[in-house]
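Right, one structure below, let's go through it.
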Amino acid sequence: RFPSLALSLSIYLYLFAGDITQKGYEKKRHKLIRAYVPHAGGNLLKYSHTTTRISIWYHDEYSCDDTLLYRFNVHTEAVQAVLARHVERKVAVPMPSKRRSLVVQTSMDAYTPPDSSSGSEEEAGPGDDMSGMEHWMSRPSQLGPAHLGSTSSSSSSTQSGGSGNAGRLADSLAHTHISHLNHSTPPDVTGYSSDSSHSHHTERHHMANMGTIARNTQKYGNAERMETGDGVPVSSRVSAKIQQLVNTLKQPRRPPLREFFVDDFDELLEVQQPDPNQPRPEGAEMMPVRGEALGVVTNWPPSLEAALQRWGTISPKAPCLTSLDTAGKPLYVLTYGKLWSRSIKLAYNILHKLGSKQEPMVRPGDRVALVFPNNDPVAFMVAFYGCLLAEVVPVPIEVPLSRKDAGSQQIGFLLGSCGVTVALTSDACHKGLPKSATGEIPQFKGWPKLLWFVTESKHLSKPPRDWFPHIKDANNDTAYIEYKTCKDGSVLGVTVTRIALLTHCQALTQSCSYTEAETIVNVLDFKKDVGLWHGILTSVMNMMHVISVPYSLMKVNPLSWIQKVCQYKAKVACVKSRDMHWALVAHKDQKDINLSSLRMLLVADGSNPWSISSCDAFLNVFQTKGLRADVICPCASSPEALTVAIRRPVEDSSQPPGRGVLSMQGLTYGVVRVDTEERLSVLTVQDVGTVTPGGLACVVKPEGVPQLCQTDEIGELCVCSIATGTSYYGLTGMTKNTFEVYPVSASGGLVSEYAFVRTGLLGFIGPGGLVFITGKMDGLIMVSGRRHNADDIVATALAVEPMKFVYRGRIAVFSVTVLRDERIVVVAEQRPDSTEEDSFQWMSRVLQAIDSIHGVGVFCLALVPANTLPKTPLGGIHLSEIKQLYLEGGLHPCNVLMCPHTCVTNLPKPRQKQPEIGPASVMVGNLVSGKRIAQASGRDLGQTDDNDQFLFLSEVLQWRAQTTPDHVLYTLLSSRGAVSSSLTCLQLHKRAERVAALLMERGGLQEGDHVALVYPPGIDLIAAFYGSLYAGCVPITVRPPHPQNISTTLPTVKMIVEVSHSACVMTTAVICKLLRSKEATATVDIRNWPPVLDTDDLPKKKPPALYKPTNPDGLAYLDFSVSTTGMLAGVQMSHNAVGAFCRSVKLQCELYPSREVAICLDPYCGLGFVLWCLCSVYSGHQSILIPPVELESNPALWLLAVSQLRVRDTFCSYSVMELCTKGLGLQTEALKARGLDLSRVRACVVVAEERPRMSLTHSFSKLFKDLGLHPRSVSTAFGCRVNLAICLQGTSGPDPTTVYVDMRALRHDRVRLVERGSPHSLPLMESGKILPGVRIIIANPETKGPLGDSHLGEIWVHSAHNGSGYYSGYGEEVLQSDHFNSRLSFGDTQTVWARTGYLGFLRRTELTDANGERHDALFVVGALEEAMELRGMRYHPIDIETSVIRAHKSIMECAVFPWTNLLVVVVELEGSEQEALDLVPMVTKAVLEEHYLIVGVVVVTDIGVIPINSRGEKQRMHLRDGFLQDQLDPIYVAYNM
């Protein structure tokens, strides 16, 4: 699999990548070893495999590869040496695991390989699969060292000293890299201790679909020791990279915190300190450099139209332009006479035939769009000169391919801002435009309304004999507007005046020594840039003949331009380096090539520093075909400054062209440092000649004031000349910044009184006035204060062998801002035939190469399927659209590798806690270090009512049955909202007596025996509960198994029955049958069950005597539940606690026999059980019971019942509220029509054991506001294991308070209030009013000392209704003493408190309670056992999850948990699996930006994988177990290394 790695590492890596625990481990291990060892077995690490070094002798090794070796030869060598070094270091990156459906490749036939090119962003070259280039690639070049000058970039250098060179390169790197990782046993970082599983006898337990949530919850096994089949601990399979990472994270570097927290604390990101050794410019200040004088030749025409008139009348038969068809045959020859006559005809029609005589549509000076395809230069040329003659301004643009063409919307904005109303086009083009059903051309998105005007002569009227265009001398009127696409995708129009146009043509004529009737072959786009200037404008001024080679022909036959040069004996050819590149690939089939006629080969993209390799290789091969070295003439140009510099064809070749071998590191600091080519990271640049005639050039600092650079400093070139653009049309501000620049010297004096134009090119001016370009401003990426060029990074990626996995020319490099710095993103198109592992290997090597050569980390490397990146009209990639897609999460990559650890270096330093913390300070009264101690209490529990004389609930029921026998206590509703059954006091008493009789007679139970009540939510459960009390037994309510999901829900029932030591199980006939079903017996062993009693068939007679309890501290019932961390625990509730609890709730909610309360909760544990079963009997009010499971079939059931029965108080869970919000969101009008009215509701309380979910309660309030629900009526309750209800909003008292706290301070356990909407603010809602008889204090969970109210600490509670302890059938009560009987370490050390295990804080508000005191509000932040300690700070999962859910529209749900110091994020994908990988960068960025944390693993799963309990809380620890045991069946797992 990985021939370049040692086998042992391969195994770690490979196994870690996919199945990271037992399942499938053996299979993969065997598969992996099989490739190396004939009969693998025994110890994993016994067989070592020597690492094979990546050879730089790639001539024979990769001779069949379809990439081109001359392209970056020296660079490729450097890259190979770096990668070889990496292989020696054995650095491994874990490979992502992917669901099979994502891996299946489409058949090859379905693909058309995308066009690909060797560099240019706008244009692409012919298909990559050029057969028959092996010969050229494997043939050692014939060029001797003498010709190569100092910096050969041809293939011969590898033949001569390749390996030695590589060795030297590798040695030079040795000191910059860490030596081999130590191979000692890695520390165990899993955080599992051997005794953790059963130490507390509160067993880890799997909640399956046990609630009202209709989610396809997965099953996870109980957490086991994390070991493999061989007993290898998991940490040994953690790859070297993760291990390294974990070790790094273990060493926090932050100085210890001060004892007291300073409130103006601001968590500062690390500011990148400048490197003291960074190179700085040392040269003198440069002087502006002047081009030679523009020699005014006597017979130069006074304007371009005058030139056309001259040649059109003097030599009408002279050929002007020859267009070719796709077979390379001449299609049409346009003569100067035809050009002249047709242009006149068009000019007349534009001015006189559009609109009416009184209201012409186009007047002189108006802008007109020119829409012509790339294969029709003749029609374009006629249209362009027709516009010049009519004195209208042509705006040449690309043909819109479709209504949604990438970037065409921006073109539309340009046309709109230019006021274009008419578009000139050719007949063929007009027919090819998209049409509506009526045959109209639709309005393209963002385009103004256009009149399409066809320019063919046959459609035009003849001008009258007396009409003639007015030909003026060139002036300052606008001649044409050239469009320019910016880095951000916006399109600007550069205006060029007539005088600039003429002067530019003159300068080019002088530079290139153009003479009349010369033949020029043009491969470039004739609508803009160098192609327009040479092939349409300057050619006419000099009566030259242009052979225009269309792009479509180049795709079919890349040699066509060379053939045309030979055929026409052309003197000049205008090409880009990619045209030379493709000609090299295809040339060997051609026998009779002779390029001796060429005196100038103009390389239009000479300003791309990487064009030098194409030039060198082209010369290398074609020198034997008559090509002279001095013929190659690179030029530098930009839309704003037109031609900046051009190398002249020199007659004597004694003066070789300029070369510079520059240190890449120096360039990142903007400094020119000449380097020897033996260094790895160098950039070889060639000069682009001297400044154009008549121009003055200087180099200024790229940012800030345009100050002159020093001679050895890289800056932006600026040009002062008549021959430049003059403005961005309609944009005065941007025009001023670009076209009206006044460079200043160091002393502050102006360099010239005339304005300069910024060219957008970066470089320097070398000796002899030679201009060197190192990159473009648009490709500049600033990372941590260093400059990197996108082209350089592309070149490095292309130099990583083998290149057969991605397409050349379809690689995009751009930067995105993450955490206040730029981060590099690389996106490439993957070939359909490459395998997952090949691509992953290539990606990891690209990351290593870029890291080593450029000294910069890549944030994200993404591969997308072939042909999916947005294209420009010329087939190149559309960079800004790609970036936009990336930012929106719409790229749909098929492979992603994120490396946030290497490139995000400005995270805040990890916090280091004080090792020995004593009491925070001396206590003075109620103050801790100047802050009030955080403590509060509810009002007192008075003794007044009749039923308070009873200590036991069973006595209260008997009293009610005697005093108010016919008072209805319970009403159960069916799914249709009808009353399915009800119970009066007497009926309940009678049924309870019969249940007691059943227990005593058939069950033969004794006093104090435990009884498991397995009932659906309803009346039977209540009768069985009181029957158990009447029989002197201890009831335990258990949720019944789900009939559709027995295999996952029945083990939970069995576990509770076993752990609680139940002597018998009471249930209904239906569930009895279910427990004896085949499926049930297959899941658990039925023989171990205690006796199961069916209560549908109760005995008729009463028991002989009801049990009379005597000890109020005796056990009343056991409350079994599962915490969010998956721990099953039974809490003992005494009779005293039950009485105090019911009294407390009665006082808080003002419950009396005349009241009705609607309860839509699960009745199995916590406050839900108390409200369902106990409170009505105690307070006498009527409870309307609505089983939450019924809402799945009728979501409106609960609210309709509340409305129809005119209920004032109702209780529900978050899952019920969510079901109503999602299920009834679109039905509010219909519900209103059905008479739903919630205006009587004064308290709608959500019962929960978590931080209030404000977004959900707000959505609910907002949604049902129109149905009369008052927002202040919606509130929350808070309870936990040790005390089932601490807070409950109740009926009177102030509204719940909301505060905004600083999330960053919260991570340091500090509470700092901020304004709403301030950055990093987190809204928290009060968890309800503290119940009567409850006292609360906030304590430090580690030191157990009391805290001030600006601190976050554990909530401790003292109350008569605290639980008495955990029930453990094993006699070990270790946990109990700590959780239920804790004392403060100082201060009030007498009071006994129960620890809730939740972090929160208290705030004294401005509001007053009913008793006139200021109100203390309790804010719950999160569970202590779920809080994650990362980087020394405390994070709450819900905060990170909220950020993640907001990151992308397809994220349905999210859960996070820590694993070996790494943060794991599991997201549920709503949408197609193709979107899965879009989520990885979005999630990583969101968590980095908002929480300063690096996500270690991103797991993308189907909807319903995150387990949720009946209260709607996420079971994150079950999810973690499922992840570690590989039971999630994820769509994709990404390891962000």
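Answer rounded, prolate or oblate for region 365-433, using the Cα gyration tensor with square roots of eigenvalues a ≥ b ≥ c: rounded when a/c is under 1.5, else prolate when a/b is larger than b/c, else oblate. Write out the running numbers ahead of the final one.
Values: a/c = 2.32, a/b = 1.15, b/c = 2.02.
Since a/c reaches 1.5 but b/c is at least a/b, the shape of region 365-433 is classed as oblate.
What are the ³J(HN,Hα) couplings of region 1329-1343, residue after residue, when phi is run through the Karplus curve with 6.51, -1.76, 1.60 and θ = phi - 60°? Round to Hz, x for glycine and proline.
Values, residue by residue: 6, 5, 5, x, x, 10, 10, 10, 9, 9, 10, 6, x, 7, 8 Hz.
Between the alpha-carbon centers of region 574-626 and region 314-383, tell me the distance in whole angstrom.
Distance between centres, Cα-based: 32 Å.
Whenever you get a sec, line up 883, 909, 736, 484 from highest to lowest accessible area (probe 1.4 Å, protein heavy atoms).
Working: 883 60, 909 85, 736 120, 484 35 Å².
Largest accessible area first, the list is 736, 909, 883, 484.
Using R₀ = 56 Å, calculate the FRET efficiency as 1/(1 + (r/R₀)^6) where r is the Cβ-Cβ separation of residue 1272 and residue 333; round to 0.05. Mind dumping the intermediate values first?
Details: r = 85 Å, r/R0 = 1.52.
According to the calculation, E is roughly 0.05.
So which lysines can residue 1232 reach, going by Cα to Cα under 16 Å and dropping same-chain residues fewer than 8 places off?
Cα-Cα hits under 16 Å: 1262, 1265.
Counting only protein chains, not ligands or nucleic acids, how are 713, 955 ordered by accessible area (probe 1.4 Å), most first? Write down the numbers at each step before the final one.
Numbers: 713 20, 955 50 Å².
Listed by decreasing accessible area, they come as 955, 713.
What figure, in Å² to the nearest 10, do you get for the accessible area of residue 1517 with a 1.4 Å probe and non-protein molecules left out?
30
Under a plain spin-label model, where a point goes 7 Å from the Cα along Cα-to-Cβ, how far apart in nm are residue 354 and residue 932?
Calculated label separation equals 7.7 nm.
Give 435/883; 569/625; 329/591 a once-over and call out the pairs whose C-alpha atoms are over 23 Å from each other. Walk me through the numbers on the way to the answer.
On the way: 435/883 30 Å; 569/625 13 Å; 329/591 19 Å.
Check vs 23 Å cut-off fails for 435/883.
Rounded, prolate or oblate: pick one for region 1425-1495, where a ≥ b ≥ c are the square roots of the eigenvalues of its C-alpha gyration tensor, a/c under 1.5 means rounded, and failing that, prolate if a/b is larger than b/c, else oblate. List each step's numbers first, then the result.
Working: a/c = 2.10, a/b = 1.92, b/c = 1.09.
It is prolate, given that a/c is not under 1.5 and a/b is the larger ratio.
Starting from the Cα gyration tensor of region 754-898, take the square roots of the eigenvalues, sort them a ≥ b ≥ c, and report rounded, prolate or oblate (rounded when a/c is under 1.5, otherwise prolate if a/b is larger than b/c, else oblate). It would help to have the intermediate numbers written out before the result.
On the way: a/c = 1.76, a/b = 1.65, b/c = 1.06.
The shape class here is prolate.
List, in order, the whole-Hz ³J(HN,Hα) value for each residue of region 1023-1039 obtained from phi through the Karplus relation with A = 6.51, B = -1.76, C = 1.60 and θ = phi - 60°; use x for Gly and Pro.
Here the 3J(HN,Hα) series is 4, 5, 4, 6, x, 5, 5, 4, 8, x, 9, 9, x, 10, 7, 10, 5 Hz.
Cross-link partners among lysines for residue 804, C-alpha distance below 21 Å, same-chain residues fewer than 8 apart left out?
Candidates past the 8-residue exclusion: 555.
Run the numbers on region 1451-1501 and let me know its relative contact order in percent, using alpha-carbon pairs under 8 Å that are six or more apart.
Values: 67 pairs, mean separation 21.1, N = 51.
Normalised by residue count, the contact order of region 1451-1501 is 41 percent.
Among 1284-1291, 553-560, what's the highest-first ranking by average C-beta atoms within 10 angstrom per residue?
Most protected by this proxy first, the peptides run 1284-1291, 553-560.
So what does residue 1295 come to for accessible area, using a 1.4 Å probe and Å² rounded to 10?
Using a 1.4 Å probe on the heavy atoms, I get roughly 60 Å².
Heavy-atom accessible area of residue 1329 with all protein chains present, probe 1.4 Å, nearest 10 Å²?
Taking all protein chains as shown, residue 1329 has close to 30 Å².
If you wrap a convex hull around the Cα atoms of region 1037-1087, how much volume per residue is inside, in Å³? Write down the numbers at each step before the final one.
Numbers: hull volume 3.9 nm³, N = 51.
Looking at region 1037-1087, the number lands at 77 Å³ per residue.
Heavy atoms only, 1.4 Å probe, whole protein assembly: order 332, 551 by accessible area, highest first.
On the way: 332 75, 551 45 Å².
The residues order as 332, 551, largest area first.
Give, in nm to one decimal, the length gained when the segment between residue 278 and residue 1474 is fully stretched (0.36 nm per residue of separation minus the Cα-Cα distance). Spell out each step's value before the answer.
On the way: separation 1196, 0.36 × 1196 = 430.56 nm, distance 4.46 nm.
That pair, residue 278 and residue 1474, stretches by 426.1 nm at full extension.
Within the set 338/527; 1078/1100; 1073/1102; 357/462; 353/458; 931/1146, which residue pairs have Cα atoms separated by over 24 Å?
Values: 338/527 20 Å; 1078/1100 33 Å; 1073/1102 27 Å; 357/462 16 Å; 353/458 14 Å; 931/1146 35 Å.
Too far apart for the 24 Å limit: 1078/1100; 1073/1102; 931/1146.
Measuring from label point to label point, each 7 Å out along Cα→Cβ, what is the residue 461 to residue 1088 span in nm?
Reported label-point gap for residue 461 and residue 1088 is 10.1 nm.
Holding the Cα-Cα limit at 31 Å, pick out from 449/484; 345/736; 701/1449 the pairs that are longer than that.
Values: 449/484 22 Å; 345/736 39 Å; 701/1449 42 Å.
Table pairs above 31 Å Cα-Cα are 345/736; 701/1449.
The values are calculated or read from the model by the stated rules, or taken from the named source; none is laboratory data. Keep in mind it's a predicted model, so treat the numbers as computed, not measured. Note that each Cβ is placed from the backbone with ideal geometry, even for glycine, and that neighbours are counted across all protein chains shown. Only protein heavy atoms, including side chains, enter the accessible area calculation; ligands, DNA and RNA are left aside. Shrake-Rupley method; radii C 1.70, N 1.55, O 1.52, S 1.80 Å.
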